[in-house]
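*Asks:* Sending over a structure as structure tokens; questions will come in a sec.
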Amino acid sequence: MLLVTLIWGSTFVLVKQSVAHFPVFAFLSLRFALAAVVLALLFGRRLRALSPRMAAAGVLIGVFLFGGFAFQTFGLRYTTASKAGFITGLSVVLVPVFSALWLRQAPERNALLGVVLATLGLGLLTLGRDLAPARGDWIVLGCAFCFALHILVVSVFAPQTDALALTIVQVGAVALLSAGASWATEVHPWPLRGDVLAAAAFTGVLATALAFAIQNSVQASTTPVHTALIFASEPVFAGLFGYWLAGERLTRWGLLGCGLILLGMLLAELRAVGKNTKPPRHKDAKE
């Protein structure tokens, strides 16, 4: 799961440069379409064992994932990137809340402490001095809800079926939704630039096909709270790659935030050492 966040963190600079001169939804449709093709070629036979109920679950997972990208993209038009980053990171707090309400899984004390530290770290890492509310803040809050629900729904359905087949449906749903949004709202520049295609291929294969295949497979044997905490390290990797590839610099507060995020992850994970954190399988696990 930590490898997934490293891959995602490494793509921030690449994606930022690509969407600077190419429509966002068109880029997302290219990225997820390429990922869907790769996954279908490698694991397409697994779709035969997917029940209609699990196929619908895959579409639902894809809807939440697409919603996260959509809310984040539109919200950035009306708020700053630093505030959007912090609000997106609130998904770390929302996951244990949703888990307690929906799955009746009370989070461990160490996990809650880890959530607090990780949230504070995200604030130090991404929150700017301007704390005035903006319309975009509320839009980006929808992104945090969607990403939290995405993690939670994967935790519910991944143990019940073939995780890789579920990934194909999820990624395909995002590709179709992104293509529809692009067709309805964007004007496409032609011909496609080579660097955009290269970025779409890199993010499609590694940051989408491989990353979500890993997430759906591994998350079947851990809890949504631990998943959310590990994913909180994504801004840390984004900062490191931003420094390496684009010469960006972290402030002292940002470095302190990185440390708090890692400490929060460590507290939650050390508690789980030697314990079975695999969530209970549901009655229809044979599906």
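*Asks:* When you scan region 6-57, how many residues do you find that are of a type in the set (S, T, N, Q), part of a helix (DSSP H, G or I) and touching a Phe, Trp or Tyr at 6+ places or on another chain (Cβ under 8 Å)?
*Replies:* 2
*Asks:* Something else now. (1) closer than 29 Å to V37 by Cα; (2) surrounded by 13 or more Cβ atoms within 10 Å (Cβ to Cβ): which one isn't true of V236, the others all being true?
*Replies:* Exception for V236: condition (1).
*Asks:* Please list, ordered by first then second residue, the pairs with beta carbon atoms under 9 Å, 6 or more apart or interchain, first in region 89-103 and farther than 13 Å from F145 by Cα, second not small (G, A, S).
*Replies:* Every condition considered, the pairs that remain are A100/P107; W102/L152; W102/V156; L103/L152; L103/V156; L103/P224; L103/P279.
*Asks:* Among F66, F25, which is crowded, with 18+ Cβ neighbours inside 10 Å, of a type in the set (A, V, I, L, M, F, W, C), in contact (Cβ under 8 Å) with a residue 12 or more places away in the chain and over 19 Å from N216 (Cβ atoms)?
*Replies:* Going through F66, F25 in turn, just one is crowded, with 18+ Cβ neighbours inside 10 Å, of a type in the set (A, V, I, L, M, F, W, C), in contact (Cβ under 8 Å) with a residue 12 or more places away in the chain and over 19 Å from N216 (Cβ atoms): F25.
*Asks:* Follow-up question, since we're still on this one. Being at pLDDT below 75 and under 19 Å from the mean Cα position of the chain (by Cα) narrows it down to one residue among S82, S99; which is it?
*Replies:* S82
*Asks:* A follow-up question, please. Would you mind stating whether A35 is modelled with pLDDT of 80 or more and crowded, with 23+ Cβ neighbours inside 10 Å?
*Replies:* Yes, satisfied.
*Asks:* Read through the list (1) out of contact with any Ser or Thr (no Cβ under 7 Å at 6 or more places or on another chain); (2) assigned to a helix (DSSP H, G or I), then give the number of the only condition that N216 fails.
*Replies:* It fails just one condition, (1).
*Asks:* When you scan region 234-269, how many residues do you find that are at pLDDT below 75 and either of a type in the set (K, R) or in a loop (DSSP other than H, G, I, E, B) (or both)?
*Replies:* So the answer is 5.
*Asks:* Hey, any hits in region 186-194 for a residue that's part of a loop (DSSP other than H, G, I, E, B), at pLDDT 75 or above and surrounded by 15 or more Cβ atoms within 10 Å (Cβ to Cβ)?
*Replies:* Yes.
The values are calculated or read from the model by the stated rules, or taken from the named source; none is laboratory data. As the structure is a computational prediction, the values presented were derived from the model and not from experiment. So basically every Cβ, Gly included, is an ideal-geometry build from the backbone, and we count neighbours across all protein chains shown.
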